[in-house]
Amino acid sequence: MSELPLDNTIKKDSQPNQPKKPLRLFIKSFLIAFGSFSITIAIGAFAFFSTVRPPEIPSLTVVVSEDWGAGESASSESYQSSEYFLNPLDMQLGGLAAPARFTDDDRRDMFFTFLIIGLNEGQNANTVMVASYNAISGEVNLISIPRDIPVHETRNGRKLASSYLIGMGGGRGMEGGVAQVQRDIMTVIGFIPDFYIVIDYDAFFSIIDALDGIEIYVPIRMRYDDPYQNLHIDIQPGLQHMDSATALDFARFRQANRNSGYPDLPDGDLGRIRNQQAVVNAVAERLLRPASLFRVPEFIGIFNDSVHTNLSIGNLTWFATQLHGIRGTDVLSTHTMPGSHSGLSNGVWYQFLDAQAVVELVNETINPFYEDMELRDLNIVRN
């Protein structure tokens, strides 16, 4: 029997296969189209982001409110001691937005400050933070201010937590709430931050959901039930991927039900502040992932729709462009306003601040002026 030619075997194996040329042509066309699309998106993103400019810092120029008579000075004694609740624009005034000795020329270049207010269902300010961003160094500092600090010696029993709700009274609404928190925060840090951000539960849900959740290490089993508020918290310890509802429970938890056998959070409200800072760090970690850069316009839209702020779309876009220069969350430093002691005063529980330690922390972190704040610039209530 004669042997089959060697090339006959090769032909036999290759005959059932489909021609490869159309497949190669498809892959080549796809890669070219995808590459062109990516280049177009990159050029569009570059053109979009390159047109934005840094936000303008609010001026310390004196502006007289409509609530004041003609010729009445914003720096007058009656103005500064008044119980009027001013809108946020009125807060950016000489003698009110910063100590009287400061001027616009005393501001540090490319240094921005933010007041962050987190509201609960009752419109109380459960979370108050002041943040700063140094666009030159890329450094971000965030200070949490305990909600139980007293904010005015002559207002019996009033804490920082109630500032927003009281400011809203008399039909003043959100603007009045922000203005009152601004005024009270100034007594603690010596100045009014440039921008404000008010986040309620709906905004919190929108932000966390837009990030597809966050990852947080839970130190203890968090278990709490309050049927009157329809509040039921049950979070296992360890590293957890949290959706918005779980993240909110984590940020709210302070103590377990009495005699339940489950642990309370160490340090009470200060422990809750640490958890809130953990949420901020987790959000920052998600935002700094490379994939998030392509979703910046989406995040800006959600932020603009859900959050009450005086940051414009242009401002938000510029701050978004700064994300590419940030390498990791190590540039974000979190702090808690240092306290001296806590206890009852006139039947009300307060957290009192250490004034000297506060002014030192402010100067080390969030002070937007070249010159240091001094104790005389603050009006911290002491027991």
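Here is how the numbers come out for the structure above:
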item	result
Residue check for Leu239: more than 14 Å from the chain's Cα centre (by Cα), of a type in the set (A, V, I, L, M, F, W, C) and in a helix (DSSP H, G or I)	no
Flag for Gln255 being out of contact with any Pro (no Cβ under 7 Å at 6 or more places or on another chain) and at pLDDT below 90	no
Flag for His241 being surrounded by fewer than 19 Cβ atoms within 10 Å (Cβ to Cβ), at pLDDT 90 or above, in the same structural domain as Thr127 (by TED's automatic domain parsing) and not basic (Lys, Arg)	no
Complete set of residues in the range 227-238 that are surrounded by fewer than 16 Cβ atoms within 10 Å (Cβ to Cβ) and within 23 Å of Val128 (Cβ to Cβ)	Gln229, Leu231
Test: residue in the range 212-226 that is surrounded by 21 or more Cβ atoms within 10 Å (Cβ to Cβ) and more than 30 Å from Thr113 (Cβ to Cβ)	yes
Boolean, Ser312 is among the polar types (S, T, N, Q) and either farther than 17 Å from Leu119 by Cα or surrounded by fewer than 16 Cβ atoms within 10 Å (Cβ to Cβ) (or both)	yes
Members of the range 285-296 that are surrounded by 13 or more Cβ atoms within 10 Å (Cβ to Cβ) and assigned to a helix (DSSP H, G or I)	Glu285, Arg286, Leu287, Ser292, Leu293, Arg295, Val296
Ala282 vs. criteria touching a residue at least 40 places away in the same chain (Cβ under 8 Å), assigned to a helix (DSSP H, G or I) and not assigned by TED's automatic domain parsing to the domain that holds Tyr350	no
Every residue from the range 183-201 that is over 21 Å from Gln276 (Cα atoms) and under 18 Å from the mean Cα position of the chain (by Cα)	Ile192, Asp194
Condition met for Arg147 (basic (Lys, Arg), under 18 Å from Val358 (Cα atoms), part of a helix (DSSP H, G or I) and touching a residue at least 60 places away in the same chain (Cβ under 8 Å))	no
Evaluation of Arg158 against (1) in the same structural domain as Leu311 (by TED's automatic domain parsing); (2) over 26 Å from Ser312 (Cα atoms); (3) in contact (Cβ under 8 Å) with a residue 12 or more places away in the chain; (4) in contact with a helix residue (DSSP H, G or I) (Cβ under 8 Å, 6 or more places away or on another chain) (one fails), failing number	(3)
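Residues are listed down the side, and each one gets a yes or a no for (1) closer than 26 Å to Pro54 by Cα; (2) of a type outside the set (A, V, I, L, M, F, W, C); (3) modelled with pLDDT of 90 or more:
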position: Val130; (1), (2), (3): yes, no, yes
position: Arg155; (1), (2), (3): no, yes, no
position: Ala203; (1), (2), (3): yes, no, yes
position: Asp209; (1), (2), (3): no, yes, yes
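Results for (1) without any contact (Cβ under 8 Å) to a residue 12 or more places away in the chain; (2) crowded, with 19+ Cβ neighbours inside 10 Å, shown as yes or no for each residue.
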{"position": "Thr334", "(1), (2)": "no, yes"}
{"position": "Ser340", "(1), (2)": "no, no"}
{"position": "Leu344", "(1), (2)": "yes, no"}
{"position": "Gln351", "(1), (2)": "no, yes"}
{"position": "Asn363", "(1), (2)": "yes, no"}
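The values are calculated or read from the model by the stated rules, or taken from the named source; none is laboratory data. As the structure is a prediction and not an experimental result, all values here were calculated from the model. As a convention, Cβ positions derive from the backbone with ideal geometry for all residues, glycine included, and neighbour counts pool all protein chains shown.
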